[in-house]
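What follows is calculated from the coordinates using simple rules that are stated; it is not laboratory data. Worth saying up front: this structure is predicted, and the values here are computed from it rather than measured. Counting neighbours? That spans all protein chains shown, and the Cβs are built from the backbone with ideal geometry, glycine included.
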Amino acid sequence: MTSIDTQSDSYIAEISDKLLEARRTSTGLTAFPGELPTTLEAAYKIQDRSISKIDDEIVGWKIGGISPDLQEKLNAVRLCGPIFKKMVKYTDGSEPLKMPIFKDGYSAYEVEYIMELGDTSHLPATGITEEQIRSVVTRVFIGFEMASTPIQNANKIGSMAIISDFGINEGCIIGPEIKDWKNVDLFDIDISIDIDGNVFGPTKAKPGFVGAYGAVKFLIEHMKANGKELPVGTLASTGAITGVHDINVGVGSKADVEFAGLGKFSMELVSNG
């Protein structure tokens with residue numbers, strides 16, 4: 001078998017084109033469309049190349065976890081992917097939202113805190129403290145990430161597939177803002193999601209660097225390491241709180257999300273094709 005150079009420009013372009021075409025046509029992929037990248041550098045190159053082909057503004061980034069079996073090998077625990085402007089929906093909770101997914105791919109519900117960032121340019125490239133993170137978070141919202149990708153079993157294939165396809169982000173819900181958030185204990189709120197009558201939670205978000213602040217720290221340091229700026233107002237979808245819920249998730253599925261005392265919202269999944 002001929003070895004494929006997963007760092008080559010031709011490999012990056014080929015995988016990117018196949019993923020973009022599957023997204024454009026809403027075509028399910030039974031496997032990753034080519035040899036899986038073996039390094040984070042290659043996976044992010046595919047993501048960057050695909051970003052360059054999308055005619056939309058990046059308004060934020062989703063942060064997720066690297067598969068535990070790969071963390072030591074890759075020396076990384078988190079990953080990120082772009083949130084495009086057209087994928088953001090705002091809600092006050094009064095009406096259910098329609099959330100598009102790839103009906104022949106993989107999808108998952110993820111309940112998250114969404115943090116809006118101010119100026120991060122003055123922060124160090126590494127070793128950012130929790131105090132520094134809190135100082136650059138300008139607003140916090142209750143929210144949600146709709147994870148969806150044409151790649152079937154993407155979570156089982158693993159983190160390299162997820163990074164390559166925009167972090168498998170297909171939507172972001174911005175719910176009610178948490179007013180005066182610095183005086184609210186974000187990590188003592190009961191958070192739950194009811195998916196088609198199956199309730200997950202209540203669960204509390206993890207504090208410190210194992211939770212949302214660690215996600216923001218990763219995002220800032222990752223961008224600085226790669227010479228990228230985070231514009232003022234960038235949104236950070238900080239990671240699943242109640243879990244990554246992908247069992248029997250498909251078109252027609254409905255979910256109700258509640259952050260006790262802070263707000264609630266509902267959604268129904270629809271096909272994006």
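Annotations
- Using the Karplus relation 6.51 cos²θ - 1.76 cosθ + 1.60 with θ = phi - 60°, the per-residue 3J(HN,Hα) values for the range 150-156 come to x, 6, 5, 6, 4, 5, 6 Hz, with x marking Gly and Pro.
- Just checking the listed ones, 70, 262, 186: in the Gaussian network model of the chain with Cα springs under 10 Å, the one fluctuating most is 70.
- Kirkwood Rh, angstrom, the range 170-273 [1 / mean 1/r, Cα pairs]: 15.7 Å
- Partner aspartates and glutamates whose Cα lies under 20 Å from the Cα of residue 156, excluding those fewer than 8 positions away in the same chain, are identified as 35, 69, 72, 104, 110, 145, 165, 170, 246.
- Charge tally around residue 161: other residues with Cβ under 13 Å, Lys/Arg +1 each, Asp/Glu -1 each, net 0.
- Residue with peak Gaussian network fluctuation, the chain [Cα springs, cutoff 10 Å], from 257, 140, 77: 77
- Loop GluC sites (Glu not before Pro), the range 178-273, which have at most 14 other Cβ atoms in a 10 Å radius of their Cβ (DSSP): 229
- Evaluated over the range 30-87, the Cα radius of gyration and Dmax, each in Å: 13.0, 36
- Too-long pairs where the Cα-Cα distance tops 25 Å, listed order kept, from 98/264; 45/224; 86/254; 85/264; 73/182: 73/182
- Highest-MSF residue in the chain out of 120, 27, 38 [GNM, Cα springs under 10 Å]: 38
- Value of [θ]222 nm, deg cm²/dmol, for the chain, DSSP H segments ≥ 4, -39500 (n - 2.57) each, nearest 500: -7000 deg cm²/dmol
- Taking amide hydrogens as placed 1.01 Å from N in the peptide plane, the amide H of residue 174 sits under 5 Å from those of 89, 90, 91, each at least 5 positions away in sequence or on another chain.
- Per residue, the convex hull spanned by the Cα atoms of the chain measures out at 126 cubic angstrom.
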